[in-house]
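Here the structure comes first, spelled out in structure tokens, and everything after it is commentary.
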Amino acid sequence: MNRRTFLLGGTSALAALSLGVSGTTAQTSDAPVNIVIAGAGAAGLSLASRLRRRMSKARITIVDAKREHYFQPGFTLIMAGLWQPDDVTESNADFMPRDVDWVEEAVAEFDPESNSITTSGGQRLGYDYLFVTTGLNLDYAAIEGMETSLIGQEGIASVYAGPEAAAASSRAMDRFLEAGGTGLFGRPATEIKCAGAPLKMTFITEDRARRQGRRENVELVYNAHNDTVFAIPPVNDKVETLFAERGVKVNHGHVLKALEPGSRQAVYETADGEVTMDYDFIHVVPPMRAPDPVRNSPLPWQEGPLAADGWIEAERETLRHPRYPNVFALGDVAGVPRGKTAASVKWQVPVVADNFVAETRGEEPVAAYNGYTSCPMVTAYGTAMLIEFDYEGNLIQSFPFIEPLEERWVSWLIEEKGLKGAYLAMLRGRA
């Protein structure tokens, strides 16, 4: 499909992506249940919107102190120099459904044994059902010598810390490309949101250097935390091939442990011991863990690979807690093998909402989440790969004219022009 054909007729694909509305009529329930949603991020707001429309007699309370709402997929576009912080900043109040109580405090304690939570202000809220959508914690402090105030200084960048940090990272990248030197990239060994972002930042920096005629002045190194750069084998092979073609060196089994900003050195843990690398620019991705109130509660996995960082125990197809069946976890905090992207939330929320409404109607829940995750992998300014996959690592192709491992301008268009509209529609429960 060429550009003219897409712009004349293929925009329906973007409309489908943005709206995602089923032609069927959703069931409703008149159950007078007391629902608490802990967290007003993408999962919490979109779930509240859906349940409010479908459960007229339910009491729904959202608990979260956040007033600003960030379109986090746009952070990479800020660092790329294409967007500004205002482009990704919204107000949570604008997406709060009517007739939903909003307690503007953080959750301080979860007590599933007594079916209650306690807020940072000391309020104790009981519930019949709890939906945990708190997101995750960016643990910059786990990297010795690193703190968010350093972003934009001493060659340090990190898009994850917020819109202003992404803008500071963009300026740091520009200074690096002008001066030349060595740029380091990578990711932590923990689960992370948007696992493609560290790779996107590498590709964007490489392409920007090339477009400025400064590619020969910079050495770019991607330090992978294990023996792959991406968990899905065909995607890993494609990215490693592109890195080789574009002169990006890859080191496997390197996990960032410490920074020495003054001397611009990074210390990595490897199987052979610590390795120190000099840098002129480094994009830092912090370890990510469940928020402390979640980690300090009975809700996390008690054993297994998802236990160490406190992810909430959840059945992967229903997102229901197996030990506390009136508790569900959605979004980044859910302890499932995949699903820490906004695209995952778009598929998780309808499954949980459909099952919950069915259950309160006395019917058998039948919807299942298959682990759907989407990552428009930017590989250069103007091109991207639209990578979609499930729990088993199977590549999914939503649009027949977009091959998942091909660099296409239309995939870039979805990233730059389509996703925000889809995201805002999702918050209002329309996608």
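The values are calculated or read from the model by the stated rules, or taken from the named source; none is laboratory data. Here the structure is a predicted model, which is why all the values come from computation and not from measurement. Note that we place each Cβ from the backbone using ideal geometry, even for glycine, and neighbour counts take in every protein chain shown. Protein only, heavy atoms only, side chains kept; ligands, DNA and RNA dropped before computing areas. Shrake-Rupley method; radii C 1.70, N 1.55, O 1.52, S 1.80 Å.
So what's the back-of-envelope 222 nm ellipticity for the chain, counting only DSSP H runs of four-plus at -39500 (n - 2.57) apiece and dividing by all residues, rounded to 500? Write down the numbers at each step before the final one.
On the way: 10 runs with 109 residues, N = 431.
After summing the helix terms and dividing by residue count, I get -7500 deg cm²/dmol.
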Item to complete: Calculate the spin-label point distance for Thr276 paired with Gln397, positioning each point 7 Å from the Cα along the beta-carbon direction, and give it in nanometres.
Response: 5.1
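Starting from 0.36 nm per residue, how many nanometres of slack lie between Ala26 and Glu109 once their C-alpha separation is accounted for? Intermediate results must be reported in sequence, preceding the final value.
Working: separation 83, 0.36 × 83 = 29.88 nm, distance 3.39 nm.
Full extension from Ala26 to Glu109 adds 26.5 nm.
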Worksheet item: If ligands, DNA and RNA are left out, what is the accessible area of Arg408 with a 1.4 Å probe, given in Å² to the nearest 10?
Response: 40
Worksheet item: Which length gain, in nm to one decimal place, applies between Asp292 and Glu406 when the Cα-Cα distance is subtracted from 0.36 nm times their residue separation?
Response: 37.0 nm
Practice prompt. Go through Ala165, Gly145, Val229 and say which Cα lies farthest out towards the positive end of the charge dipole of the stretch 140-286; charges sit on Cβ, +1 for Lys and Arg, -1 for Asp and Glu.
Written response: Ala165
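If you place +1 on the Cβ of every Lys and Arg, -1 on the Cβ of every Asp and Glu, and leave all else neutral, what size is the dipole of the chain about its Cα centre, to the nearest 20 Debye? The partial results should precede the final answer.
Numbers: 41 positive and 56 negative charges, 296 e Å.
Value, rounded to 20: 1420 debye.
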Discussion item. Which one, Gly181, Gly213, Gly196, projects farthest toward the positive side of the charge dipole computed for the stretch 109-214 from Cβ point charges (K/R +1, D/E -1)?
Written reply: Gly213
Worksheet item: Magnitude of the Cβ-charge dipole of the stretch 140-286, K/R +1 and D/E -1, about the Cα centre, nearest 20 debye?
Response: 580
Worksheet entry | FRET efficiency, Asp94 to Arg175 (Cβ-Cβ, R0 35 Å, nearest 0.05) | 0.45
Item to complete: Mind listing the long-range amide H neighbours of Val250? Cut-off is under 5 Å, sequence gap 5 or more, other chains count too, H placed in the peptide plane at 1.01 Å from N.
Response: Tyr222
Worksheet entry | Residues of the chain: accessible area per residue with a 1.4 Å probe, Å² | 41
Discussion item. Going 7 Å from the Cα of Glu260 along its beta-carbon direction, which residues of the stretch 279-297 have the amide nitrogen within less than 17 Å of the resulting point?
Written reply: 279-282
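Counting only C-alpha contacts under 8 Å and six or more residues apart, can you give the relative contact order of the chain as a whole percent? Let's see the in-between values first.
Details: 907 pairs, mean separation 80.7, N = 431.
In percent, rounded to a whole number, it is 19.
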Discussion item. If you take every residue apart from Val33 with its C-beta less than 13 Å away from the C-beta of Val33, what net charge results, scoring Lys and Arg +1 and Asp and Glu -1?
Written reply: +2
Worksheet entry | Listed residues Thr241, Thr318 arranged by accessible area, highest first, probe 1.4 Å | Thr241, Thr318
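I want the local charge near Ala65. Using Cβ-Cβ distances under 13 Å, sum +1 for each Lys or Arg and -1 for each Asp or Glu among the other residues.
Working: positive: Lys66, Arg67; negative: Asp64, Glu68, Glu104, Glu105.
So the environment of Ala65 carries a net charge of -2.
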Discussion item. Filter Lys66/Lys340; Lys340/Lys417; Lys66/Lys200; Lys200/Lys340 down to the pairs with a C-alpha to C-alpha distance above 26 Å, please.
Written reply: Lys66/Lys200
Worksheet, complete the sentence: Row for the stretch 269-413, column shape: gyration tensor on C-alpha, a ≥ b ≥ c, rounded if a/c < 1.5 i.e. under 1.5, prolate if a/b over b/c, else oblate; value oblate
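Using a 1.4 Å probe over the heavy atoms of the protein chains, calculate the carbon and sulfur portion of the accessible area of the chain as a whole percent.
On the way: 8200 of 17770 Å².
C and S atoms contribute 46 percent here.
With the Cα gyration tensor of the stretch 140-286 giving a ≥ b ≥ c as the square roots of its eigenvalues, does the rule (a/c under 1.5 for rounded; else a/b larger than b/c for prolate; else oblate) give rounded, prolate or oblate? Kindly include the intermediate steps, with their values, before the conclusion.
Working: a/c = 1.35, a/b = 1.04, b/c = 1.30.
Cα axes put the stretch 140-286 in the rounded bin.
If Lys and Arg each add +1 and Asp and Glu each add -1, what is the summed charge of the other residues whose beta carbon sits under 13 Å from the beta carbon of Ala244? Write out the running numbers ahead of the final one.
Numbers: positive: Lys238, Arg246, Lys249; negative: Glu206, Asp237, Glu240, Glu245.
Value of the local net charge: -1.
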Discussion item. Could you tell me the calculated FRET efficiency between Thr241 and Glu303, based on Cβ-Cβ distance and R0 = 45 angstrom, to the nearest 0.05?
Written reply: 0.75
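For the stretch 68-158, rounded, prolate or oblate, judged on the Cα gyration tensor with a ≥ b ≥ c (square roots of eigenvalues), a/c < 1.5 rounded, else prolate if a/b > b/c? List each step's numbers first, then the result.
On the way: a/c = 3.20, a/b = 1.62, b/c = 1.98.
Taking the square roots of the gyration eigenvalues as a ≥ b ≥ c, the stretch 68-158 is oblate.
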